[in-house]
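Worksheet: one structure, shown below.
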Amino acid sequence: MRFWRFWFQTFVISSQYNPPRFVELLMLMLAIAMLAIATVIPDRPFLVLGLSLVVGASISILVREAIAPSPQTRITQITALLLLIISIYGFADIIKTL
């Protein structure tokens, strides 16, 4: 029981310390879950939802880094751009297969 309480307190503290980063983390975790479900159940709504969450989190990360740079700005921006490009490519593939 202490293990779960520790993780819950960690989430609460991180959400209070840096709310934008916490929301981005939550969006990326939900995107990973949706994309994992989309690989098991080949259904388009899960794939579209997962890709849209990745696009939203990537754009949020890029805006946050432009406003308030962190110590690892370059790595964060490159990763967010890579995620954005892959998501847009995924959307293009979905549109092509319609």
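The values are calculated or read from the model by the stated rules, or taken from the named source; none is laboratory data. Quick caveat, the model's predicted, so the values are computed rather than measured. For neighbour counting, all protein chains shown are included, and Cβ atoms are generated from backbone atoms with ideal geometry for every residue, glycine included. Just the protein is used for accessible areas: all its heavy atoms, side chains included, with ligands, DNA and RNA removed. Shrake-Rupley method; radii C 1.70, N 1.55, O 1.52, S 1.80 Å.
Out of the residues in the range 37-51 that are surrounded by 12 or more Cβ atoms within 10 Å (Cβ to Cβ) and free of Cβ contacts under 8 Å to residues at least 24 places away in the same chain, which is farthest from I95 (Cα to Cα)?
First pass over the range 37-51, keeping only residues surrounded by 12 or more Cβ atoms within 10 Å (Cβ to Cβ): 37-38, 46-51.
Keeping just the survivors that are free of Cβ contacts under 8 Å to residues at least 24 places away in the same chain gives 37-38, 46, 49-50.
Values: I37: 20, A38: 16, F46: 15, L49: 14, G50: 15 Å.
Ranking the candidates gives I37 first.
So is I75 modelled with pLDDT of 95 or more and within 18 Å of L25 (Cβ to Cβ) or not?
Here the answer is no, as I75 does not meet what is asked.
From the list F22, F46, exactly one residue is under 22 Å from T97 (Cα atoms) and of a type in the set (F, W, Y). Which is it? It would help to see each step written out before you state the result.
On the way: F22 fails: under 22 Å from T97 (Cα atoms).
Unique residue meeting the criteria: F46.
I32 passes all but one of (1) over 15 Å from I94 (Cβ atoms); (2) open to solvent by less than 90 Å² (accessible area, probe 1.4 Å); (3) modelled with pLDDT of 90 or more; (4) within 16 Å of the chain's Cα centre (by Cα); which number fails?
(2)
From the list F91, F22, F6, which one is open to solvent by less than 70 Å² (accessible area, probe 1.4 Å) and free of Cβ contacts under 8 Å to residues at least 40 places away in the same chain?
Matching residue, one of F91, F22, F6: F22.
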